[in-house]
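Nothing in this text is a laboratory measurement; each read-out follows from the coordinates by a stated rule. All of these numbers come straight from a predicted model, not from anything done at the bench. No Cβ is skipped: glycine too gets one built from the backbone with ideal geometry, and neighbour counts run over all protein chains shown.
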Amino acid sequence: MNDKILNFLGLCRRAGKLTVGNDAVVDEAANGKAKLVIVSNDISSNTEKKLKKACSAYNVECMKLNRSRDELSAALGRFCAVVAVLDEGFSKKLTQLISNENQEVNVYDKI
């Protein structure tokens, strides 16, 4: 696997700084532990609304990853479509990686 974002998420999981699953992510946001919430691109609209509402209420950044739940699950070794990063340093790096990828995609879309 040569995917920086998925590799980094795997590192976060091995370091114990990642929570997986909708309810667990909302709980971590409510407890103030979640620094960043990441969702797959094929998440259901109801789940996405629920997570965006929770993230907004608890002031946690929420980003949509340009990967499917299957790709995310394969990288983490567990079926999931939603994760919360619990470490400030990891969340900053992931935000940077995701933002850079989104900018590259937008540049190529314009060509």
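Taking label points 7 Å from Cα along the Cα-to-Cβ direction, ARG78 and ALA57 give a separation of 2.3 nm.
Ordered by the count of other Cβ atoms within 10 Å of each Cβ, fewest first, ASP27, ASP70 give ASP70, ASP27. Report, to the nearest 10°, how far helix 4-14 tilts away from the longest principal axis of the Cα atoms in the chain, using its own Cα long axis and a range of 0 to 90°. In the chain, helix 4-14 runs at an angle near 30 degrees to the longest axis. Which aspartates and glutamates does LYS35 reach when only Cα atoms under 19 Å apart count, and residues fewer than 8 places away in its own chain are ignored? Counting by Cα, and skipping residues close in sequence, LYS35 has these aspartates and glutamates nearby: ASP23, ASP27, GLU48, GLU61, ASP87, GLU88. Measuring against 18 Å, Cα to Cα, the residue pairs LYS33/LYS92; LYS4/LYS64; LYS64/LYS92; LYS17/LYS52 contain LYS17/LYS52 as the ones spanning a longer distance.
What is the sum of charges around ARG14, taking Lys and Arg as +1, Asp and Glu as -1, for the other residues whose C-beta is under 13 Å from the C-beta of ARG14? Summing Lys/Arg as +1 and Asp/Glu as -1 gives +2.
Taking each residue as 0.36 nm, the span from SER45 to ALA24 lengthens on full extension beyond its C-alpha to C-alpha distance by 5.7 nm.
Computed from label points 7 Å out along Cα-Cβ, the spacing between LYS4 and LYS33 is 2.9 nm.
Remark: relative contact order (region 23-88) = 45 percent; criterion is Cα-Cα distance under 8 angstrom and separation of 6 or more residues. Quick one: compute the contact order of the chain, relative version, from alpha carbon pairs under 8 angstrom and 6+ residues apart, as a percent. In percent, rounded to a whole number, it is 35.
Reported to the nearest whole Å, the Cα centre-to-centre distance from region 38-66 to region 10-34 is 13.
Taking the Cα centre of region 4-110 as reference, the dipole from Cβ charges on Lys and Arg (+1) and Asp and Glu (-1) amounts to some 140 debye.
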